[in-house]
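The values are calculated or read from the model by the stated rules, or taken from the named source; none is laboratory data. Not measured: the values here are computed from a predicted model. In this analysis, Cβ positions are derived from the backbone assuming ideal geometry, glycine residues included, and neighbour counts consider all displayed protein chains. For the accessible areas, the whole protein counts, side chains as well, though only heavy atoms, and no ligand, DNA or RNA atoms are used. Shrake-Rupley method; radii C 1.70, N 1.55, O 1.52, S 1.80 Å.
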Amino acid sequence: MSKHPIARTTLSTLLGTPVLDAAGHMVGRVREMTVDAGVDSAHVASIIYKVTGGAGRGKLQTVAVKDTAWTPAGTFQLAATADPQPFVMTEHAGPDSTEAELNATDHLLLLERDLLDQQIIDVTGRKVVRVNDIELQWEQNGALTHGEAADPQAEHKLRIADVEIGTRGAVRRLLKGLPHATVNALANKFAANSIPWEFVDLIESNPARRVKLKIEGERLAKMHPSDIADILEELAPKERAALFTSLDEETAAETLEEVEPKLQKALVESMEPSDIADILEEMDPAAAADLLAELPEETTDEILEEMDPEERQEVEELLEFEGTSAAGRMTTDYVSVSVDGHVADAVQALREFDGDTETITEIYLLRKDDVLEGIVPLAKLILADANSELIKLAEPHFVSCNVDAPSKDVIELFDKYNLRSLPIVDKEKKLAGVVHAEQVIALLRAER
């Protein structure tokens, strides 16, 4: 049967709501609501209420929402088949929580404890905001209009609709305890400012629990690394570290290249050397070398020791160059083929390239002794026949720069010749690396 909305409400409105047993007698008041994110992150799984009478007075009980009905009087009523269970409320699980505390609620999101007044990520707005209230939507199977008595046989669901981040939610919280009609009349004088729940990403201070909640993964990974970098800069250190460590290695590497050096250092210093090494292996070698150059020598050595030999060698070679020289700005991620090669050879080299393909604009032609003989723009390569000789597609003139040249010479060459990339050669004209336009832009930003 189709689902029909019964009523829209808010978390702050429902907290403190009376809970009745099947006979209509009050047994407690709502203390909290949970979401079992591993099962259904869009709906409230259960309510937690504090018992108000009898032997269990003051203790907490939990019952599934599907075993309750929302009455016209604005109360929760337990179904005759409901089976409330004791619930032990733990503090918000943090990095220092015991295993028992983590296991108690590691799969649950408690709406008041874990969301109200907490920072969250607005995925579409690409910003960090603070939660003032949560808007909820009752749903029930069957055609039921607002105001009718709830059918105890129908299955009820309480959907999380929006997260309120504006003044309206703050007013509801401030006036909590007053009659609902009065609170709503005052709160509704302020414009709604909310984010649909499906566009919310949580910031969980405990990385292990954050992964178990299974809410953030795909949404955050779809954001541009520069947007994630902006969000990291808005967070407090603990939340920042938790968010960063929840990223996959490739996304973390791209994000790390986008953040300011000071923040790069802070993020790296909060992690284990082996974890940092995994991320640096995904980074452009030049960016990895620049980051390591800012760390204490002992820390750098520990990280390098954890890296794969091939990536470590590339980074170590770049660390030997002066940071203000052309070589200090170059990367060893480029595509080169023999000067005697054909277009098909260049295409194969591109397919085998495991670096950032977005930076590749040119193919470099080398002699057997690695001396640079020519440059072929990628556009010419795409339009040429597979059997065409690469040397015949090479630019008639190309510009290069010596490894010892100062950074200002690199900038001047990019400006004078309108370059997309600049090959860096040693005294014997052997290709040592390449400076891409994005590295020059980063250099200019740093000098402002």
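Inside the range 25-38, can you point out the residues that are touching a residue at least 12 places away in the same chain (Cβ under 8 Å) and not acidic (D, E)? Answer for the range 25-38, where residues must be touching a residue at least 12 places away in the same chain (Cβ under 8 Å) and not acidic (D, E): M26, V27, G28, R29, V30, R31, M33, T34, V35, A37, G38. Cβ-Cβ contacts under 7 Å between residues 6 or more apart (or on different chains), taken from a first residue in the range 128-139 that is open to solvent by 10 Å² or more (accessible area, probe 1.4 Å) to a second residue that is small (G, A, S) and in a strand (DSSP E or B), are listed as E135/A161; E135/S194; Q137/A161. Scanning the range 286-325 for residues that are touching a Gly at 6+ places or on another chain (Cβ under 8 Å) and over 21 Å from D356 (Cβ atoms) yields a total of 1. For the criterion of being at pLDDT below 95, of a type in the set (S, T, Y) and under 29 Å from D409 (Cβ atoms), T331 passes.
Within the range 292-339, track down each residue that is under 25 Å from V440 (Cα atoms) and acidic (D, E). If the condition is that a residue be under 25 Å from V440 (Cα atoms) and acidic (D, E), then E294, E311, E314, E316, E317, E320, E322, D333 are the ones that fit. Scan F244, F190 and give me the residue that is modelled with pLDDT of 80 or more, aromatic (F, W, Y) and surrounded by 16 or more Cβ atoms within 10 Å (Cβ to Cβ). Step by step, each of F244, F190 is checked, and only F244 is modelled with pLDDT of 80 or more, aromatic (F, W, Y) and surrounded by 16 or more Cβ atoms within 10 Å (Cβ to Cβ).
Among the helices (runs of 4 or more DSSP H) confined to the range 240-315, the ones with at least 3 residues that are over 27 Å from M223 (Cα atoms) are located at 297-306. Is at least one residue of the range 325-332 out of contact with any strand residue (DSSP E or B) (no Cβ under 9 Å at 6 or more places or on another chain), open to solvent by less than 70 Å² (accessible area, probe 1.4 Å) and more than 30 Å from A394 (Cβ to Cβ)? No, every residue in the range 325-332 fails to be out of contact with any strand residue (DSSP E or B) (no Cβ under 9 Å at 6 or more places or on another chain), open to solvent by less than 70 Å² (accessible area, probe 1.4 Å) and more than 30 Å from A394 (Cβ to Cβ). Does K380 satisfy being open to solvent by 30 Å² or more (accessible area, probe 1.4 Å), closer than 12 Å to E362 by Cα and either charged (D, E, K, R) or touching a helix residue (DSSP H, G or I) at 6+ places or on another chain (Cβ under 6 Å) (or both)? Considered against the rule, which asks whether it is open to solvent by 30 Å² or more (accessible area, probe 1.4 Å), closer than 12 Å to E362 by Cα and either charged (D, E, K, R) or touching a helix residue (DSSP H, G or I) at 6+ places or on another chain (Cβ under 6 Å) (or both), K380 comes out as yes.
Candidates in the range 318-338 are the residues that are part of a loop (DSSP other than H, G, I, E, B) and not charged (D, E, K, R); of these, the one that is farthest from S407 (Cα to Cα) is V335.
Entry remark, the range 40-62: residues being under 37 Å from the mean Cα position of the chain (by Cα) and free of Cβ contacts under 8 Å to residues at least 24 places away in the same chain number 3 in total. Scan the range 409-430 and give yes if some residue there is in contact (Cβ under 8 Å) with a residue 40 or more places away in the chain, open to solvent by 20 Å² or more (accessible area, probe 1.4 Å), assigned to a helix (DSSP H, G or I) and out of contact with any Lys or Arg (no Cβ under 9 Å at 6 or more places or on another chain), otherwise no. Yes, because at least one residue in the range 409-430 is in contact (Cβ under 8 Å) with a residue 40 or more places away in the chain, open to solvent by 20 Å² or more (accessible area, probe 1.4 Å), assigned to a helix (DSSP H, G or I) and out of contact with any Lys or Arg (no Cβ under 9 Å at 6 or more places or on another chain).
Every condition in (1) within 30 Å of P225 (Cα to Cα); (2) open to solvent by 70 Å² or more (accessible area, probe 1.4 Å); (3) of a type outside the set (K, R) holds for D370 except the one numbered (1).
When each of K368, K380 is tested for being in a helix (DSSP H, G or I) and of a type in the set (K, R), the lone residue that passes is K380.
Evaluation of I391 against the conditions (1) in a helix (DSSP H, G or I); (2) under 21 Å from N418 (Cβ atoms); (3) β-branched (V, I, T) shows that the sole unmet condition is (2). Within the range 64-84, track down each residue that is in a loop (DSSP other than H, G, I, E, B) and open to solvent by less than 50 Å² (accessible area, probe 1.4 Å). T71, G74, T75, A79, A82, P84 - these are the residues of the range 64-84 that are in a loop (DSSP other than H, G, I, E, B) and open to solvent by less than 50 Å² (accessible area, probe 1.4 Å).
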